[in-house]
Structures are given as structure tokens and as C-alpha cells.
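**Student:** I have a structure I would like to understand better, so I am pasting it below and will then ask my questions one at a time.
The values are calculated or read from the model by the stated rules, or taken from the named source; none is laboratory data. On a predicted model such as this, the values are computed, not experimentally measured, just so you know. Every residue, glycine among them, receives a Cβ derived from its backbone with ideal geometry; neighbour counts consider all protein chains shown.
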Amino acid sequence: VPDRYLREPWTMPEETQREVGCVIGEDYPGPIVDHREAREAAMERYRAAAGTPARSIAPLRSGARADSSRL
């Protein structure tokens with residue numbers, strides 16, 4: 001697997017997967033969790049439990065770290 005795809009091999013183009021002999025779903029498992037979707041679902045549950053309108057909790061920018069003081 002080329003270095004640029006080591007962290008997220010499922011983002012590797014299908015042609016590259018076949019070239020390197022690592023087809024996601026056949027030779028290597030696909031991702032189990034979509035972290036973006038899981039985070040959004042967790043935030044929705046948090047908002048519902050806290051009784052907080054969805055707009056009052058801003059989503060994280062890409063690459064930003066969660067800080068418990070923001071919640």
C-alpha cells in the first residue's frame with residue numbers, strides 16, 4: 001500500500017488497490033465506523049439530552065480537536 005494511504009487505505013482508488021494487490025473488502029477490511037457520522041450522531045444525542053438547540057453547538061472544523069470545555 002502506498003504510504004499516502006497507510007492511515008486510510010479505503011480512500012485508495014480502486015485501480016491502485018488492484019495494482020498493489022490490496023482490494024478493500026476482499027484483501028483488507030473496510031472501515032467499521034464512519035467517524036464523521038458517528039460524531040454527528042453522538043452530538044445529536046448530546047443536544048437532545050442537554051435540551052440544547054442544534055445550532056448552539058458548532059461542529060468541529062476538519063482537523064480540530066474536541067475540547068470538553070466547548071460542550
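**Student:** Filter the range 1-17 down to the residues that are in a loop (DSSP other than H, G, I, E, B) and in contact with a Cys (Cβ under 9 Å, 6 or more places away or on another chain) and list them by number.
**Tutor:** Residues satisfying the conditions are V1, M12.
**Student:** Got a number for residues in the range 30-54 being over 30 Å from W10 (Cα atoms) and either of a type in the set (D, E) or modelled with pLDDT of 60 or more (or both)?
**Tutor:** Filtering the range 30-54 for residues over 30 Å from W10 (Cα atoms) gives 47-54.
Restricting the remaining residues to those that are either of a type in the set (D, E) or modelled with pLDDT of 60 or more (or both) gives 47-53.
Final tally of qualifying residues: 7.
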